[in-house]
Amino acid sequence: MNQKQLEKIKNDYLNSNPLFNTPENIHPLERRIVLKNYQVINPESIVEYIAMDGYFAIFKALKMAQEEVINEVITSKLRGRGGVGFPTGLKWKFALGYEAKQKYVICNADEGEPGTFMDRHILEGDPHNNIEGMMIAAYAIGASKGYIYVRAEYPLAAKRLQKAIDDATSLGILGDNIFETEFSFNIEIRLGAGAFICGEETSLMESIEGKRGLSRNKPPFPAETGLFNDPTIINNVETIANLSAIILNGGEWYSKIGTKESTGTKVFSLSGKTKNNGIFEVPFGISLREVISNIGGGMQEGSTFKAAYTGGPSGGILTENHLDEIIDFDSLVKLGSIMGSGGIIIADQTNCVLDTIKHFMEFNAEESCGKCTPCREGTTILYNMLDDITKGKSSMEELEKLKHLSRMVSTTSLCGLGQAAPAPIYSALEHFYDEFVDHIEHKTCNTGVCEMLINEGSE
Ligand SMILES: Cc1cc2nc3c(=O)[nH]c(=O)nc-3n(C[C@H](O)[C@H](O)[C@H](O)COP(=O)(O)O)c2cc1C
């Protein structure tokens, strides 16, 4: 495959087909970069992807030096969308700096955070864009092999990715000497092992290596010692889905979208008590009120806004005092929450915050890989303590112990699962302290969710 052939495929298609329609359901506040082809092209057609300038970005990148590609990504200020928000270009720079015969690029498509379903739609709707993004990353760091670790519960995403890999390989876009250069790259799909911890980058690599998904110590970081001990870049689906647009339009262009330190757009998944639920893509900087009132279409009939859970079981809770705060990586941290991978769950007056954070802790305890004691034992004990609170069996002294243990689990756990597991507790203590007092001292649950308390109160 060369430039002329790629252009011919594009032009032949455009000359004999009507223009692509823009989907009608895009909200005026949206700006679609990652989702540019979503519901626009047939995701199973490589020709339609090429007609939308697909594979022109890797073609352009291959004419640049590796450092230039990385600099473009650094200029864009793209931050990883998998939860931590680490600068993507910087991570690549580290990986380029390590000499090795073999390097890897991994696309993290394990999407396990409750309330999130963005990556699923991105992959199902435009799989070639992720293949192209992985090629750009691979060229930049000098990798010749890629893996997509896709959640096994996403069979359609896995099927479309496999078709995309097969079609790109048959056209000579993936494989050896891509676009008549020295660059060769192949991709394999690995199905996720069905555990939340396998989305954590070091456990994910263990899983690809055929082992049980247990976290590794960091450092060394994957960019130095990753898959099979070789330098490896792991990026989230959405991070990778931004790359073709950054290379085609330039890092400078991208850096002007969004807020100063959280550039570009973010795909969110909205669920809960708003009228409209689903995914949407907006520049960073939108307010929570705009999300609920405009994109969400307001609260459902009979529902009054009480809380927004962001970052799932590792995140925090926003209240009505935060409705006009903007949403980006750093603003959410200042408010005691995190972006996580982009799930926003809207709760109304019927939601008991303590019951919800208890279920988050149950999730963390079940999903702990068990390798380190603070997380393995600590999350279960924290769950039991929260369960006691929701059953009216706790005391203010126990609450102090809950705070103490939370700090211990956060500071001594091996990986992000344990480190962030107590985050919803901190956030609930900060914003909904009255509910702790109601449950512990007054033995009441104002929402009526904690049944044991209703029964005791009525006796
Ligand atoms: C328990 C746990 C689960 C995670 N699950 C995912 C996941 O499903 N998808 C993902 O991209 N990142 C996940 N991460 C974050 C990854 O470890 C890693 O930071 C990310 O894949 C890096 O990509 P990025 O720089 O593009 O964000 C998880 C982290 C933890 C601690």
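Bear in mind these aren't lab numbers, they're just calculated from the coordinates by the rules spelled out. It should be emphasised that the depicted structure is a prediction, and the values quoted were computed from it without experimental measurement. Glycine gets a Cβ as well: all are built from the backbone with ideal geometry, and neighbour counts include every protein chain shown.
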How much FRET efficiency would the formula 1/(1 + (r/R0)^6) give for VAL333 and MET408, where r is the Cβ-Cβ distance and R0 is 25 Å, rounded to 0.05?
0.70
Under 18 Å between alpha carbons - lysine pairs in the stretch 326-459 that sit 8 or more apart or on different chains
10
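Would you mind putting 115-123, 189-197 in packing order, based on average other-beta-carbon counts within 10 Å, highest first? Mind showing how you got there, number by number?
Working: 115-123: 23.7, 189-197: 19.4.
For the peptides 115-123, 189-197, the packing ranking is 115-123, 189-197.
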Residue separation times 0.36 nm, minus the C-alpha to C-alpha distance between GLU252 and LYS60: what's the value?
67.5 nm
Which residue, chosen from GLY80, PRO220, ASN15, occupies the Cα position most advanced towards the positive end of the dipole of the chain, where the dipole is computed from +1 (Lys, Arg) and -1 (Asp, Glu) charges on Cβ about the Cα centre?
ASN15
Selected from THR356, THR380, CYS369, residue furthest toward positive end of dipole (the stretch 353-458; charges at beta carbon):
CYS369
For the chain, can you list the cysteines whose C-beta has no other cysteine C-beta under 4.7 Å from it?
CYS107, CYS198, CYS352, CYS369, CYS372, CYS375, CYS415
In this structure, the FRET efficiency calculated for GLU209 and LYS275 from their beta-carbon separation, with R0 = 51 Å, to the nearest 0.05, is 0.65
Given 172-183, 209-220, 15-26, 413-424, the highest-first ranking by average Cβ count within 10 Å works out to 413-424, 172-183, 209-220, 15-26
Spatial separation of Cα centroids for the stretch 24-41 and the stretch 302-334, in angstrom:
24 Å
Taking a crude spin-label model, label points 7 Å out from Cα along the C-beta direction, the SER293 to GLU451 distance in nm is 3.9 nm
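Looking only at Cα atoms, what is the convex hull volume of the chain per residue, in Å³?
Details: hull volume 60.9 nm³, N = 459.
Convex hull volume per residue, Cα atoms: 133 Å³.
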If you stretched the chain out fully between ILE381 and ASN21, how much longer would it get, using 0.36 nm times the residue separation minus the C-alpha to C-alpha distance?
124.2 nm
Counting helices only, and only those DSSP H runs with n ≥ 4, report the 222 nm mean residue ellipticity of the chain as the sum of -39,500 (n - 2.57) divided by its residues, in deg cm²/dmol to the nearest 500.
-12500 deg cm²/dmol
Expected output is a single nm value to one decimal: the length gained when fully extending between HIS359 and THR304, i.e. 0.36 nm times separation in residues minus the C-alpha distance. What is it?
17.6 nm
